[in-house]
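As structure tokens, the structure follows; a few thoughts come after it.
The values are calculated or read from the model by the stated rules, or taken from the named source; none is laboratory data. It should be emphasised that the depicted structure is a prediction, and the values quoted were computed from it without experimental measurement. Because the Cβ atoms are built from the backbone with ideal geometry, glycine has one as well, and the counts that use them run over all protein chains shown.
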Amino acid sequence: GAVVSQHPSWVICKSGTSVKIECRSLDFQATTMFWYRQFPKQSLMLMATSNEGSKATYEQGVEKDKFLINHASLTLSTLTVTSAHPEDSSFYICSARVTRASVYEQYFGPGTRLTVT
Amino acid sequence: ELKVEQNPLFLSMQEGKNYTIYCNYSTTSDRLYWYRQDPGKSLESLFVLLSNGAVKQEGRLMASLDTKARLSTLHITAAVHDLSATYFCAVDNYNTDKLIFGTGTRLQVFP
């Protein structure tokens, strides 16, 4: 149980185009999902918290107009990188939060590697 | 602001040896997580530590939590090559319920 999928697993796009990444909780419902980005040999940086039915909460320094997040259902959150540039190339990982015995646990998706040329 | 630091950042160790990775965090929390990441892959959950003095073991890895010292350790016993990966600790921020990740420790085990 508690499987999170992401699609696509990797994507190459041209500078100036937009890319949508999907994050799905396959066997549970998640009111809260998180989006992280990870540069090579670095840690995970939280970008935003995605809440079902409401606006995402972005971390300081993350452009909300560039990284559009939609959490339209209890099993799906999407991240759209708009007008992508080479500096947006990164590994994007989503996670879904589950409460078990009053404790939050996060289950991570397999990640999406974005390369902007 | 909650900060989470790990050391060492990089660890090269011989098979069969023991070593400890340290995770220090800056504010009160009693929920600490350890993850493993293989190159090009996402995170694999290793341990969830939920109280002061918690100790968990799985195979050659053992994790502990000292909330008073704001310190968690991940001890590796008799390392094998398959343990080569990057290990992250993460702390749950009470105020925000977000996970804050440590800097990561890249472990290489050689024969």
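Some points to look at:
- Whichever residue in region B:95-111 is in a strand (DSSP E or B) and away from every other protein chain (no Cβ under 14 Å) and, among such residues, is surrounded by the fewest Cβ atoms within 10 Å (Cβ to Cβ): B:F110
- Test: residue in region B:59-79 that is closer than 30 Å to A:Q6 by Cα and either charged (D, E, K, R) or in contact with a Gly (Cβ under 8 Å, 6 or more places away or on another chain) (or both): no
- Boolean, A:N70 is closer than 25 Å to A:A2 by Cα and either under 11 Å from the mean Cα position of the chain (by Cα) or more than 12 Å from chain B (Cβ to nearest Cβ) (or both): yes
- Candidates B:D92, B:D82, B:D38, B:D66, filtered to the one that is more than 16 Å from B:K3 (Cβ to Cβ), more than 10 Å from the chain's Cα centre (by Cα) and within 12 Å of chain A (Cβ to nearest Cβ): B:D38
- When residues in region A:7-24 are screened for being within 12 Å of the chain's Cα centre (by Cα) and more than 12 Å from A:L114 (Cα to Cα), 3 of them pass.
- Condition check for A:F28: more than 24 Å from B:T105 (Cα to Cα), more than 14 Å from chain B (Cβ to nearest Cβ) and free of Cβ contacts under 8 Å to residues at least 40 places away in the same chain: no
- Top-ranked residue in region A:31-47 [being over 14 Å from B:F101 (Cα atoms) and out of contact with any Leu (no Cβ under 8 Å at 6 or more places or on another chain); ranked as farthest from the other protein chains (Cβ to nearest Cβ)]: A:M33
- Those strands (runs of 3 or more DSSP E) of region B:1-89 in which 3 or more residues are surrounded by 15 or more Cβ atoms within 10 Å (Cβ to Cβ) and at negative phi occupy B:19-25, B:32-37, B:43-49, B:61-66, B:71-76.
- Verdict on A:L114 being buried (at least 16 other Cβ atoms within 10 Å of the Cβ), away from every other protein chain (no Cβ under 14 Å), under 28 Å from B:Y87 (Cβ atoms) and modelled with pLDDT of 95 or more: no
- For region A:80-103, a residue qualifies if it is part of a strand (DSSP E or B) and buried (at least 16 other Cβ atoms within 10 Å of the Cβ), and the qualifying residues are A:V81, A:S90, A:F91, A:Y92, A:I93, A:C94, A:S95, A:A96, A:R97, A:V98.
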